[in-house]
1. Using a/c under 1.5 as the rounded threshold, could you call the chain rounded, prolate or oblate? The axes a ≥ b ≥ c are square roots of the C-alpha gyration tensor eigenvalues, and prolate needs a/b larger than b/c, oblate otherwise.
2. Using +1 at the C-beta of Lys and Arg and -1 at the C-beta of Asp and Glu, which of T150, V125, G172 has the Cα lying farthest in the positive direction of the dipole of the chain?
3. Among residues other than I88 whose Cβ falls under 11 Å from its Cβ, what is the net charge (Lys/Arg +1, Asp/Glu -1)?
4. With r as the distance between the Cβ atoms of K145 and K35 and R0 = 35 Å, compute the FRET efficiency 1/(1 + (r/R0)^6) and round to 0.05.
5. For the range 92-174, report the accessible area per residue in Å² (1.4 Å probe, heavy atoms, rounded to an integer).
6. Which percent, to the nearest 5, of DSSP beta bridges fully inside the chain are antiparallel?
7. What spacing in nm lies between the two simple spin-label points modelled at A186 and F208, each 7 Å away from Cα in the Cβ direction?
8. Considering only P149, P99, P189, give the residue with the highest GNM mean-square fluctuation for the chain, with springs between Cα atoms whenever their separation is below 10 Å.
Amino acid sequence: MKVGILGSGEVAKALAGGFLQHGHEVMLGTRTASKLADWAKRNPKAKVAGFSDAARFGELVVLAVKGTAAADALRAAGAANINGKPVIDATNPIADAPPENGVLKFFTTLDDSLMERLQREFEQVRFVKAFSSVGNALMVDPKLKGGKPTMFICGNDDAAKKIVGGIVDQFGWETADMGQVEAARAIEPLCILWCIPGFLRNDWMHAFKLLTPS
Ligand SMILES: NC(=O)c1ccc[n+]([C@@H]2O[C@H](COP(=O)([O-])OP(=O)(O)OC[C@H]3O[C@@H](n4cnc5c(N)ncnc54)[C@H](OP(=O)(O)O)[C@@H]3O)[C@@H](O)[C@H]2O)c1
């Protein structure tokens, strides 16, 4: 697939690496291409451009920017370039305030997630929450005791979730579909839980797994 990734941070680079490794075409979008100069040298198959070009390029788009800037990044990408497309939303609504005893602060509420806010503004985008509740180092081909970890996803469009489920599977995860966009109220805060061992004990190598009887 052609994948347009909005972002230049660790998540954008980790996911771009995974897409390239699995034979997809990748264009990263950033306001400052020079930030990605070294990465682009090491990954000559990837293209680097602005938000709108990357969004236009993607049959699948990935949103991997700071949570507070998510809506602005999509506006810069341009509704016309993302409408109708599956968009993986990897963002978390982390507030600028520091964590409290290792517990991150969010700028959303338990009744209104970031992805719902984005879905309300960009009605025609087929958002799928994914990759938001694990660190970038484990996003692609995680090797953990206990087998494949679980990627919790949600979104309103079943066909988009099927496409994203296929990517999640390629990247070495099992998928648990938690339903419609409102489920982001539960998935996004998993990031808070995931980060606690990191902030308290500098332990960042773990992932969630949903255990079932069969
Ligand atoms: N770090 C992780 O391991 C991890 C794991 C799971 C989920 N997440 C979530 O994934 C997202 C990306 O995380 P990250 O650590 O890779 O990077 P980050 O430092 O949270 O965000 C960097 C990106 O945000 C963009 N950005 C910042 N301010 C902006 C603005 N005013 N307008 C437009 N874009 C703006 C930057 O754009 P430019 O390129 O133009 O500077 C850059 O691409 C976050 O929402 C984070 O919560 C992170």
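1. Values: a/c = 1.28, a/b = 1.21, b/c = 1.06.
Taking the square roots of the gyration eigenvalues as a ≥ b ≥ c, the chain is rounded.
2. G172
3. Details: positive: K85, R126, K129, K161; negative: D89.
Residues close to I88 contribute a combined charge of +3.
4. Details: r = 35 Å, r/R0 = 1.01.
Result of the calculation: an efficiency of 0.50.
5. 46 Å²
6. On the way: 4 of 27 bridges.
Here the share of antiparallel DSSP bridges comes out near 15 percent.
7. 0.9 nm
8. Greatest mean-square fluctuation among the candidates belongs to P99.
The values are calculated or read from the model by the stated rules, or taken from the named source; none is laboratory data. Keep in mind the model is a prediction, meaning the values are calculated, not measured. No Cβ is skipped: glycine too gets one built from the backbone with ideal geometry, and neighbour counts run over all protein chains shown. Calculation scope for accessible area: heavy atoms of the full protein, side chains included, ligands and nucleic acids excluded. Shrake-Rupley method; radii C 1.70, N 1.55, O 1.52, S 1.80 Å.
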